[in-house]
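Only one structure is covered here, and it is reproduced in the block below.
Every number in this text was worked out from the coordinates using simple rules, so none of it is lab data. Keep in mind that this is a model prediction, so the values were computed, not measured. Note: ideal-geometry Cβ built from the backbone for every residue, glycine included; neighbour counts use all protein chains shown.
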Amino acid sequence: MAGINLRGETSGSVEITSPAVAGDTTITLPNSNGTANQFFKNSTTAGIITYSSMVEDTSGNIGIGSTQPTSKFDITGNVKITGISTLSNVTVGGATTELVVNGDARVTGILTVGTASVTFNGTDGTITGINTINGVSFPSAGALSNRNLIINGAMRVAQRGTSSTSDDIQTVDRWKNQFGQGAVTQSQQALTSGAPYNEGFRYFARLQNTTGTTAANSYRNFQQRLEGQDVATCGWDHTSSSSYITLSFWVRSSVAQTYYAYVRTMDGTERIYNFPFTLAADTWTKITETIPGNSSNQIDNDNGHGFNVVIVAYYGTDFTDSSNTDRAWRNRSNAVDYLPDMTNTWSNTTNATFDLTGVQIEVGEKATPFEHRSFGDELARCERYFEVIGGRAEAFMGYAYASASAAVPIRYRTVKRAIPGTITLASAGQSTGEITFLTAGGTYPSTTGNNAVEVITTQSFRVTGSSYSGLNANSPSNFYITGTAGQTHTIAEVDAEL
């Protein structure tokens with residue numbers, strides 16, 4: 001028999017009969033009006049098969065739910081597969097949720113997700129290209145802890161005091177607040193609300209422009225100086241344009257305008273990278289800047305002043321040049337060449353304020369969440385550069401080698417960066433807050449003489465007393481500060497700052 005013909009009647013019945021036409025390879029089914037719907041290809045239909053929502057075109061492409069299939073198997077609509085399917089070069093998409101897997105899934109090769117090129121390597125288990133999880137950035141380079149090269153970036157430690165009208169480091173530790181012309185008050189302030197508060201910050205540093213100025217030689221800025229060895233060994237290749245550090249900080253000003261920040265290498269030829277940022281009035285704003293290396297940068301691996309981070313409220317024209325370019329490393333052309341020209345609105349506004357907290361500089365192209373440290377950890381880092389030795393009725397064990405003279409060694413809590421350049425002792429005497437050597441019996445001597453600092457090292461120094469009377473020769477003699485209940489008094493201030 002030449003073939004089988006399935007012929008349906010209008011009643012819906014189907015019978016199999018011998019073909020009426022030799023060579024007819026068509027199977028037809030009836031529809032509601034009695035006409036035939038074609039199911040398989042027939043030479044008389046120009047190579048197109050259509051049945052319900054299934055189409056096969058002349059190229060052999062089959063479509064289900066698509067009348068114009070564009071690939072070998074083109075399905076529009078939902079597909080349910082039960083069992084194991086082996087697929088190669090699969091593209092999934094076109095819906096709100098593009099791929100849903102109920103149950104286990106295995107990737108044995110490399111899966112690339114999205115235009116950000118997140119890749120999952122099913123062979124060695126590595127994941128690359130992730131920048132954020134739940135909106136939080138994670139390191140793209142460098143260590144996972146001790147990332148922040150800035151010390152006291154949260155402005156918590158203020159050993160010297162909380163307010164001063166003098167420049168230099170007078171309040172918040174490690175922050176060299178510089179200003180000239182007019183008058184400025186620097187201070188540590190408590191933070192009680194706002195976006196930085198919500199991130200765990202409780203203090204900020206403030207510059208208050210108590211006397212306005214537009215003088216060409218005026219300036220106001222926050223600055224922290226870093227040891228060269230801390231930057232040289234942090235993991236940033238400062239000589240490569242494809243290696244980065246990222247500076248981030250919270251800043252607020254009472255005056256809306258554009259301000260500046262810059263970093264500076266100090267070894268060899270000094271080089272600067274500066275960038276602008278714009279603030280709305282009285283609004284905390286987080287600033288983030290990613291900074292590349294440069295082949296001309298030099299940062300020595302030593303304990304000297306190797307790198308600066310500076311946030312500027314105002315520089316007069318003695319310190320700026322209109323030709324300076326933003327976001328590009330350059331040599332300092334002269335001793336006062338720092339920035340492009342700046343707007344002087346803030347500096348000309350009496351009692352304008354400029355506030356700073358949450359300063360972090362880290363290796364990599366992303367600003368990760370601020371690295372909050374314990375107060376004790378931050379204090380110890382600060383004490384490498386400056387330490388206050390004090391207490392209430394504090395005594396150090398010394399020795400009187402004559403009735404008029406004595407000596408005592410005093411060790412620092414923290415080893416210093418270098419031999420301290422300055423050690424300032426409290427006044428000699430027997431009143432509250434004054435220091436003196438005592439007799440062997442622990443009483444005041446007849447006369448308190450003079451005290452001097454000698455034999456200074458990175459770990460300790462010696463105090464020598466002279467012109468005393470009433471000490472017990474060749475006997476113990478405590479070095480003592482007279483205190484008041486509930487108060488702490490300073491015996492010495494040790495300064496090894498950069």
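Quick one: grab the alpha carbon gyration tensor of the range 384-495, order the square roots of its eigenvalues as a ≥ b ≥ c, and give me rounded if a/c is under 1.5, else prolate or oblate depending on whether a/b is larger than b/c. Oblate. Computed on the Cα trace of the range 142-242, the radius of gyration divided by the Kirkwood hydrodynamic radius gives Rg/Rh = 1.05. Using bins of 5 Å that start at zero, the share of Cα-Cα pairs per bin across the range 337-428 amounts to 2, 7, 10, 12, 13, 12, 12, 12, 6, 5, 4, 3, 1, 0, in whole %. Amide H contacts of Asn294: Thr239, Ser240, each under 5 Å away and 5 or more positions distant or on a separate chain (H built 1.01 Å from N in the peptide plane; Pro and chain starts excluded). Packing order of peptides 317-328, 403-414, highest average first: 403-414, 317-328 (average count of other Cβ atoms within 10 Å over each peptide's residues). The radius of gyration of the Cα set in the range 163-382, together with its Dmax, comes out at 16.8, 45 angstrom. Using a cutoff of 8 angstrom between alpha carbon atoms and counting only pairs six or more residues apart, the relative contact order for the range 291-340 works out to 35 percent. Note on Phe277 and Thr457: the extension gain reaches 60.5 nm, defined as 0.36 nm multiplied by sequence separation minus the Cα-Cα distance.
Within the straight-line cut-off of under 20 Å between alpha carbons, the lysines reachable from Lys286 are Lys366, sequence neighbours fewer than 8 places apart in one chain being disregarded. Rg/Rh for the range 225-327 stands at 0.99; both radii use Cα atoms, and Rh follows the Kirkwood definition.
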